[in-house]
1. Say the dipole of the chain comes from +1 at the beta carbon of Lys and Arg and -1 at that of Asp and Glu; which of Phe133, Tyr82, His153 then lies farthest toward its positive end?
2. Is the shape of the range 9-257 rounded, prolate or oblate, going by the alpha carbon gyration tensor and its root eigenvalues a ≥ b ≥ c, with a/c under 1.5 for rounded and a/b larger than b/c for prolate?
3. Which net charge results for the neighbourhood of Thr61, defined as the other residues with beta-carbon distances under 10 angstrom from its beta-carbon, given Lys and Arg at +1 and Asp and Glu at -1?
4. Per-residue HN-Hα couplings for the range 141-149, Karplus 6.51 cos²θ - 1.76 cosθ + 1.60 at θ = phi - 60°, whole Hz, x for Gly and Pro?
5. Nearest 20 debye, what's the magnitude of the dipole of the range 58-164 about its Cα centre given +1 on Lys and Arg Cβ and -1 on Asp and Glu Cβ?
6. Multiply the residue separation of Ile156 and Trp112 by 0.36 nm, subtract the distance between their alpha-carbon atoms, and state the gained length in nm to one decimal.
7. Let me have the relative contact order for the range 24-75, percent, based on Cα pairs under 8 Å that are six or more residues apart.
8. Place the peptides 205-214, 153-162 in order of packing, highest mean first, counting for every residue the other Cβ atoms within 10 Å and averaging per peptide.
Amino acid sequence: MRKQLIMALTGLLFGVHHGLAQPGTGNVDEIITKANHMALYQGFDGKGKVTLVITDKQGRTRKRVFNMLRRDEGDGDGDQKYFVFFHEPSDIRKMVFMVHKHAQPGRDDDRWLYMPSLDLVKRIAASDKRTSFAGSDFLYEDISGRNPIEDTHELITTTDTDYVLKNVPKNRASVEFEYSIAHVDKKTFLPMKIEYFKKGDRRYRVIESVQVTGIDADENGKKVRYPTITVSVAQDFEKESRSEMVFSDLRYNIGLEQEIFSERYLRKAPKDAMR
């Protein structure tokens, strides 16, 4: 369980390679390792457009549109970098969220937020990672992922289609939930649903994968297809709000340069991020 299991947006965007998914033995470590690999590390890099629609309890909606880029660093399931560039609405256009994800146990990810209205670059502290991303029901940690060494994991049941795992935070004071339940697809190892519970087994939040689409790509000279979650919904039952992410123009293995994911581009994003 030393590697990172994606239980949120990054796995939703950057998919899995169907050829690597094989029937599991039901061992929790094996499931976590496969889910981590399949959800995060297929392809060397990736890019997609995201349309985020936020609906509040009165039925009022707000929309955000942004591009998300991902690049793996080194060999194996190790460090990664993410760059999120906002196009809409106009008041947050050119806002950038960047993550340098570290696979090393005990090391926090580095996160930056550039706010163009203030021309301010802000480092996002570990204590801020469970706050709202762009005013939605997705959290910053949903975007950059949660390290599984922060939780204890138990395979509580299997169904015809899913492995169902219970994940309990080791440091309860660092999060607002008591535990989460993850439903991992047996065939693809995609996280199809993640439910968050507070005291008294009260479910207060859920993220669901609504639609999966196969995305064709080239990988080391071979044609491959990555089953990718292209519609994801987060609901907050306390706020009675709902946020839907729809992914389009998804591409893999496009040769993104390392320099894109540097602080120098927070204020002036490169063309690969903007278009």
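1. Final value for the positive-end residue is Phe133.
2. rounded
3. Cβ neighbours under 10 Å give a net charge of +2.
4. Karplus-based 3J(HN,Hα) across the range 141-149 equals 5, 5, 6, 9, x, 10, 6, x, 5 Hz.
5. Around 820 debye, computed over the range 58-164.
6. The Ile156-Trp112 span can extend by a further 12.2 nm.
7. Here the relative contact order equals 32 percent.
8. Highest mean packing first, the order is 205-214, 153-162.
Readers should treat all values here as calculations from the given coordinates under stated rules, not as data from a laboratory. On a predicted model such as this, the values are computed, not experimentally measured, just so you know. Cβ: placed from backbone, ideal geometry, glycine included. Neighbour counts: every protein chain shown.
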